[in-house]
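The values are calculated or read from the model by the stated rules, or taken from the named source; none is laboratory data. Bear in mind the structure is a predicted one, so any value in this text is a computation, not a measurement. Don't worry about glycine lacking a Cβ; one is built from the backbone with ideal geometry, like all the others, and counts go over all protein chains shown.
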Amino acid sequence: MGKLVIFDHPLIHHKLSIIRNELTTPQDFRNAVSEIASLMTYDITKELPTKDVNIKTPVAIAKCKQLTKDVVIVPILRAGLGMVDGILSVIPQAKVGHIGLYRDEKTLEPHEYYCKLPDGVTNANVLLVDPMLATGGSVSYAIHLLKQLGIKKLCYVGLVGAPTGVERIQKDHPDVDIYLASLDEKLNENGYIVPGLGDCGDRLFGTK
Ligand code: PRP
Ligand code: URA
């Protein structure tokens with residue numbers, strides 16, 4: 001079974017309190033989402049493979065390490081976009097692919113409308129990002145799509161999850177590690193995470 005990591009860090013708790021607050025403006029919401037994403041990424045990437053390299057400093061040869069594999073960030077549109085800049089602030093050389101999904105408001109089933117991934121993605125370390133893991137339908141669909149395209153190494157990074165979503169990913173994709181800033185209580189009758197933070201896409205982009 002893949003790892004399930006729920007972050008327990010004062011800075012992340014503090015920033016979660018900002019994005020949960022219904023009075024937070026889209027500007028402050030975007031900033032806090034981005035900052036949480038970068039804090040999480042610093043820890044998530046601690047096991048990325050490296051190779052030994054010799055670097056000539058102005059003084060001598062230093063034995064250093066460099067990343068061996070490309071990192072590709074794949075946000076699920078729209079809300080996943082809110083995490084991309086934060087992750088890029090930690091891994092600026094990463095490439096970015098996009099998967100467009102929307103959740104039907106009645107059936108809660110995901111519908112694909114876009115997919116564009118960088119060359120070489122099949123051999124890269126892929127971070128699939130979407131702040132919200134509710135029923136898990138969207139993330140499960142996206143993982144399935146990425147696996148079908150031949151991607152071998154991927155994990156899912158989100159902000160707020162519900163137990164239903166975590167169980168769905170663990171059932172559909174037991175090999176995939178899950179990283180969340182918070183595991184909330186439940187889903188409500190409309191498929192929203194409780195207490196959650198509301199509709200993340202709307203809050204990021206001010207669409208409601
Ligand atoms: C939200 C969210 C996830 C999905 C989570 O996107 O960003 O992608 O819902 O729900 P699930 O776990 O039940 O699939 P939404 O479909 O609202 O699209 P948007 O980001 O374009 O607003
Ligand atoms: N999508 C969101 O943006 N928020 C939820 O609570 C559930 C799905």
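Some points to look at:
- Of all residue pairs spaced 6 or more apart or on separate chains, none has beta-carbon atoms under 9 Å together with a first member in the stretch 67-92 that is modelled with pLDDT under 95 and a second member that is acidic (Asp, Glu) and within 16 Å of ligand 2 (Cβ to nearest atom).
- Only listed residue being surrounded by 13 or more Cβ atoms within 10 Å (Cβ to Cβ), small (Gly, Ala, Ser) and at pLDDT 95 or above, chosen from 32, 60: 32
- When residues of the stretch 184-208 are limited to those that are outside any loop (DSSP other than H, G, I, E, B) and near ligand 2 (Cβ under 7 Å from one of its atoms), the one nearest to residue 19 (Cα to Cα): 200
- Residue check for residue 196: surrounded by 16 or more Cβ atoms within 10 Å (Cβ to Cβ) and within 9 Å of ligand 1 (Cβ to nearest atom): no
- Sole exception among (1) over 29 Å from residue 46 (Cβ atoms); (2) modelled with pLDDT of 95 or more; (3) near ligand 1 (Cβ under 9 Å from one of its atoms) for residue 112, by number: (3)
- Among the residues of the stretch 144-158, some residue qualifies, meaning at least one is under 14 Å from the mean Cα position of the chain (by Cα) and within 11 Å of ligand 2 (Cβ to nearest atom).
- Residues in the stretch 103-117 that are of a type outside the set (Lys, Arg) and surrounded by 15 or more Cβ atoms within 10 Å (Cβ to Cβ): 110, 115, 117.
- 2 or more residues within 15 Å of ligand 2 (Cβ to nearest atom): qualifying strands (runs of 3 or more DSSP E) within the stretch 57-107: 71-77, 98-103
- Residue list for the stretch 148-193, filter: away from ligand 1 (no atom under 14 Å from the Cβ) and without any contact (Cβ under 8 Å) to a residue 24 or more places away in the chain: 148, 185
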